[in-house]
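A quick write-up on the structure given underneath.
The values are calculated or read from the model by the stated rules, or taken from the named source; none is laboratory data. Please read these numbers as outputs of a predicted model, since none were measured by experiment. Neighbour counts run over all protein chains shown; Cβ positions are idealised from the backbone, glycine included. Remember, those area values only see protein heavy atoms, side chains included, never the ligands or the DNA or RNA. Shrake-Rupley method; radii C 1.70, N 1.55, O 1.52, S 1.80 Å.
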Amino acid sequence: MDFEIDSDTVLFADGLLRFIDQEVVPLEQANRALFENERNLYQEDGRFVPEVRELRRKVRMRSAELGFYGAFAAEELGGLGLGVLANVHVQEQLNHRYGPARKLIQTVVLPSPFTNGLSPVLRHLDPEVFAHYQEGIASGEKTLCFCLSEPDAGSDAFAIKTRAERSGDGWVISGTKQWITNAPYADYAMVFAVTDPELAQQRKGGITGFFVDTSDPGFTVSSVIPTMGHLGAEIGVVVLDQVRVADDHRLGPVGEGLSKALSGVHAGRLSMAASCVGMARWALDLAVDYAKVRRTFGKPIGEHQAVQQLLADSAIDIYAAKNMVQNCAWRIAQGERAIAETSMVKAFATEMLNRVMDRSIQVHGAVGLSNALRLEEGYRLARQMRIPDGTGEIQRRMVARALLRGNCNL
Ligand SMILES: Cc1cc2nc3c(=O)[nH]c(=O)nc-3n(C[C@H](O)[C@H](O)[C@H](O)COP(=O)(O)OP(=O)(O)OC[C@H]3O[C@@H](n4cnc5c(N)ncnc54)[C@H](O)[C@@H]3O)c2cc1C
């Protein structure tokens, strides 16, 4: 196994960080009043205020112009097709350097791996139809959301109730989607709906994906759902009331939508794990620095054995998670699907980040709770990451099932 990062990837990551340092961070600083106080970020209804939306659009489009935004998208979609090894390296670097709570960086300079941008799920859209939308998405002008979860169906995706029924030469979709990232702002939605209730009930298919224009009649975002102490959010509830979609806007064959959706989710898990490694390194760096300067009982707290253990346990956690991420990425780069392995990595890395954030707050004492260093925000973000793209329990379910089938490559 060779985890060496090639020089092109190193150059790419350096270029991305330079772009953020030189263009995005100054933009954040110039708008400090907006970004430092949540009350200024969101409207009453939980949506970003127009100034924030415009700044995010500006950064997205500049990132696309410089070739960063679409770098990990498949070449057939117009991306650069940088592979999985490059992706985990860049995610780690990005999160290590900037940490959490950067509203112009996280999911802006690079889109979420499958819910936005030139998502791998778009490979299943009719090429001529895709060509019509490609430029808007690639340039960062237009954004997407991925509508699978519903009020009564999260982990159990076969339980979705949103229906798509044939009507003339197209389809009519009705239902409610919940927890949908970027729904309040998206121009297009990848919507998954039941087209054959019997097959869906038997868990044998019966779900189809559709590419929907969110400005079409019947598509509304009924509310935004603030989570984990935020005053607003990127996630929302989508109501589809008899939304008409042309048949050529299907995402793949009728009845095969769930496998297309889940292949997107699978691709996102490793990327999330890599971001956890980076963010954990960011939090540990802060703790190490603080342990050297904060003094109690006549010496730096880093000289107390109990504090050293907090630091060492975090380093052990990060080293393990990083090696898991790299090993899994390498396997995927060799052509393995690594389904169970990716689940192990997602569960371990997200839970590892929770432990590291918690220890880093502990090392900082009250300062850690104050959010002066953004640790408190990081702690909340870490807790959040254990739910989307499959909860820790669902990852373990995948691992156990693979083990019982004799299909887990340890
Ligand atoms: C920040 C955020 C962003 C999200 N973005 C999107 C998005 O863009 N698009 C989208 O479609 N969805 C999105 N989601 C939804 C997310 O995918 C679901 O929340 C997740 O799949 C869990 O579903 P649930 O919340 O309905 O929990 P449930 O499925 O109801 O689970 C509840 C609890 O039961 C456990 N559980 C369920 N089944 C089992 C089992 N078989 N064995 C053991 N334990 C089990 C779960 O682990 C959990 O602890 C997002 C969620 C969050 C928090």
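Out of curiosity, is residue 159 crowded, with 24+ Cβ neighbours inside 10 Å and more than 22 Å from the chain's Cα centre (by Cα)? No, not satisfied.
The residue pairs whose first member lies in region 19-35 and is assigned by TED's automatic domain parsing to the domain that holds residue 105, whose second member is open to solvent by less than 40 Å² (accessible area, probe 1.4 Å) and of a type in the set (Ser, Thr, Tyr), and whose beta carbons are closer than 8 Å, counting only pairs six or more residues apart or on different chains, are 19/63; 20/98. Taking the listed residues 243, 212, 239, the one that is within 28 Å of residue 39 (Cα to Cα) and either at pLDDT 95 or above or among the small types (Gly, Ala, Ser) (or both) is 239, with no other qualifying.
Specify the residue that is farthest from the ligand (Cβ to nearest atom); the eligible residues are those in region 222-271 that are among the basic types (Lys, Arg) and touching an Asp or Glu at 6+ places or on another chain (Cβ under 8 Å).
To start, the set of residues in region 222-271 that are among the basic types (Lys, Arg) comprises 244, 250, 260, 269.
From what's left, touching an Asp or Glu at 6+ places or on another chain (Cβ under 8 Å): 244, 250, 269.
On the way: 244: 22, 250: 18, 269: 11 Å.
Filtering region 222-271 for residues that are among the basic types (Lys, Arg) and touching an Asp or Glu at 6+ places or on another chain (Cβ under 8 Å), the one farthest from the ligand (Cβ to nearest atom) comes out as 244.
Criterion first (within 16 Å of the ligand (Cβ to nearest atom) and under 30 Å from residue 375 (Cβ atoms)) does residue 154 satisfy it?
Criteria met by residue 154.
The set of residues in region 91-105 that are on the phi > 0 side of the Ramachandran plot and surrounded by fewer than 22 Cβ atoms within 10 Å (Cβ to Cβ) contains only 101.
Residues of region 341-398 that are part of a helix (DSSP H, G or I), within 11 Å of the ligand (Cβ to nearest atom) and not basic (Lys, Arg): 347, 381, 384, 392, 393, 394, 395, 398. Got a sec? Which strands (runs of 3 or more DSSP E) wholly within region 161-208 have at least 3 residues that are within 16 Å of the ligand (Cβ to nearest atom)? Passing ranges, in order: 170-181, 188-194.
Scanning region 226-281 for residues that are open to solvent by 50 Å² or more (accessible area, probe 1.4 Å), within 20 Å of residue 378 (Cα to Cα) and among the aliphatic types (A, V, I, L, M) yields a count of 2. In this structure, residue 25 does not satisfy being open to solvent by less than 20 Å² (accessible area, probe 1.4 Å), over 25 Å from residue 120 (Cα atoms) and touching a helix residue (DSSP H, G or I) at 6+ places or on another chain (Cβ under 9 Å).
Considering only residues of region 128-154 that are over 21 Å from residue 248 (Cβ atoms) and charged (D, E, K, R), which is least open to solvent (accessible area, probe 1.4 Å)?
Across region 128-154, the extreme among qualifying residues is 150.
Residues in region 70-84 that are open to solvent by 40 Å² or more (accessible area, probe 1.4 Å) and in contact with a Phe, Trp or Tyr (Cβ under 7 Å, 6 or more places away or on another chain): 82 only.
In a residue-by-residue description of region 106-120, the property of being of a type in the set (Ser, Thr, Tyr), crowded, with 21+ Cβ neighbours inside 10 Å, in the same structural domain as residue 29 (by TED's automatic domain parsing) and assigned to a helix (DSSP H, G or I) applies to no position. On the basis of being within 14 Å of the chain's Cα centre (by Cα) and either open to solvent by 10 Å² or more (accessible area, probe 1.4 Å) or not assigned by TED's automatic domain parsing to the domain that holds residue 269 (or both), does residue 88 make the cut? Considered against the rule, which asks whether it is within 14 Å of the chain's Cα centre (by Cα) and either open to solvent by 10 Å² or more (accessible area, probe 1.4 Å) or not assigned by TED's automatic domain parsing to the domain that holds residue 269 (or both), residue 88 comes out as yes.
Looking across region 127-162, the residues that are among the hydrophobic types (A, V, I, L, M, F, W, C) and out of contact with any helix residue (DSSP H, G or I) (no Cβ under 9 Å at 6 or more places or on another chain) come down to 131, 145, 147.
So if I check each of 346, 322, which one is closer than 23 Å to residue 97 by Cα, open to solvent by 50 Å² or more (accessible area, probe 1.4 Å), in contact with a helix residue (DSSP H, G or I) (Cβ under 9 Å, 6 or more places away or on another chain) and touching a residue at least 24 places away in the same chain (Cβ under 8 Å)? It is 322.
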